[in-house]
Amino acid sequence: MTDRPFRWGLLGAARIARALIPAIREAGGEVVGFGARDPHSARAQAFAQQWDVPVLGTYEDVIAADVDAVYNPLPNDAHLPWSAAALRAGKNALTEKPVALNTEQAQAIADAARETGQLHLEAFAYRFQPHVDRVREIAAQDLGEIRAVRGMFGFHMTNPDDFRWNADQGGGALLDVGTYPVNLIRLLLGEPGTVTAQARWTPGGVDLGLSGTLEYPHALASLDCGFDWDQGGSTQRLTVTGTRGTLDVDGVFHSHTQEPTTLRVETGGQVRTESLGPGNGYARMVAHFQRAARGQEALRFTPDDAVAQARVLDALLQAARTGQRVPLAP
């Protein structure tokens, strides 16, 4: 083991990377630098100055640098090639959600991690927030047998040049914000047997809004997501209903909260609230990843979990396009 800080290289200057830089520093890591398609561009230079992070050069230069891990927040179609390249260069990799465009690509990343012995994690930072662990505890202990789960995540996207409007780059509401309710439903209920879905499509073939159902032997889980919702912010809600009560949470998918997150639990005709946080899920995720990479603890969410997540997303998109129930392989 070395006493030097855990060293990170970043791919690109995406908005989400700005959340990781302070998180890495809070977790005791070091941002060695970042790469850009054009390292000499005004955008790259401004990012470097704003965050006091050197420009290492291109993406290839970051992967070749003396770093312990690479963070990949590039557009979705760039997740597989660059994360796999980092793993094969002997670097651990943290890839922004969704891990890839589809199950086949997610499996390719998992295979690269397995073959190289490097760690790979899909960057769902919300999972490391304290209120998420408490949601899972309440669902398992207080609500009886779960019968219904509903997750909602949407906002109003106004930038017409955002890659999330581009089908070839993995755009669409499901692969952006819908990934969160799918992920949390899986944390609560496991893998569904069948899914159904309906969507509103843009002329370019991107789902502007999607609603789906994940079917379980004794429960139904639903998700709603969209790019044309609340113009004043985002909508993030979770409701879990069981045979003994109900749990409601607003703001459930926030990865960095300045205020506590409130859980409302109703059981036996009595209502109680619990407040958790505030918290920085990015910093907790980074700290966990660094410990796991140093062999100090097991990785909480494996590459196989990311493959299972991608499988559900694929099935939902197929169901929305065909109007058919889509079974998932056991």
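The values are calculated or read from the model by the stated rules, or taken from the named source; none is laboratory data. As the structure is a computational prediction, the values presented were derived from the model and not from experiment. Ideal geometry is used to build each Cβ from the backbone, glycine not excepted, and the neighbour counts take in all protein chains shown. Accessible surface areas use protein heavy atoms only, side chains included; no ligands, DNA or RNA. Shrake-Rupley method; radii C 1.70, N 1.55, O 1.52, S 1.80 Å.
Couple of notes before you dig in:
- Scan region 147-165 for residues that are open to solvent by less than 60 Å² (accessible area, probe 1.4 Å) and not small (Gly, Ala, Ser) and the total you get is 8.
- Subset of region 2-28 [touching a residue at least 40 places away in the same chain (Cβ under 8 Å), farther than 15 Å from TRP51 by Cα and open to solvent by 40 Å² or more (accessible area, probe 1.4 Å)]: ARG7, GLY28
- Some residue of region 287-305 being assigned to a strand (DSSP E or B) and open to solvent by 70 Å² or more (accessible area, probe 1.4 Å): no
- Applying the criterion of being of a type outside the set (A, V, I, L, M) and in contact with a Gly (Cβ under 7 Å, 6 or more places away or on another chain) to the residues of region 189-203, the residue that is least open to solvent (accessible area, probe 1.4 Å) is THR196.
- Which listed residue is touching a residue at least 24 places away in the same chain (Cβ under 8 Å) and under 30 Å from ALA108 (Cα atoms), from VAL240, VAL265, VAL307: VAL307
- Within region 275-286, the set of residues being touching a His at 6+ places or on another chain (Cβ under 9 Å) and either open to solvent by less than 10 Å² (accessible area, probe 1.4 Å) or touching a residue at least 60 places away in the same chain (Cβ under 8 Å) (or both) comprises LEU276, GLY277, GLY279, ASN280, GLY281, TYR282, ALA283.
- Residues of region 5-16 that turn out to be out of contact with any Asp or Glu (no Cβ under 9 Å at 6 or more places or on another chain) and closer than 22 Å to GLY279 by Cβ, as a count: 1
- In region 262-274, the residue that is farthest from LEU143 (Cα to Cα) out of those that are open to solvent by less than 70 Å² (accessible area, probe 1.4 Å) and not in a loop (DSSP other than H, G, I, E, B) is THR262.
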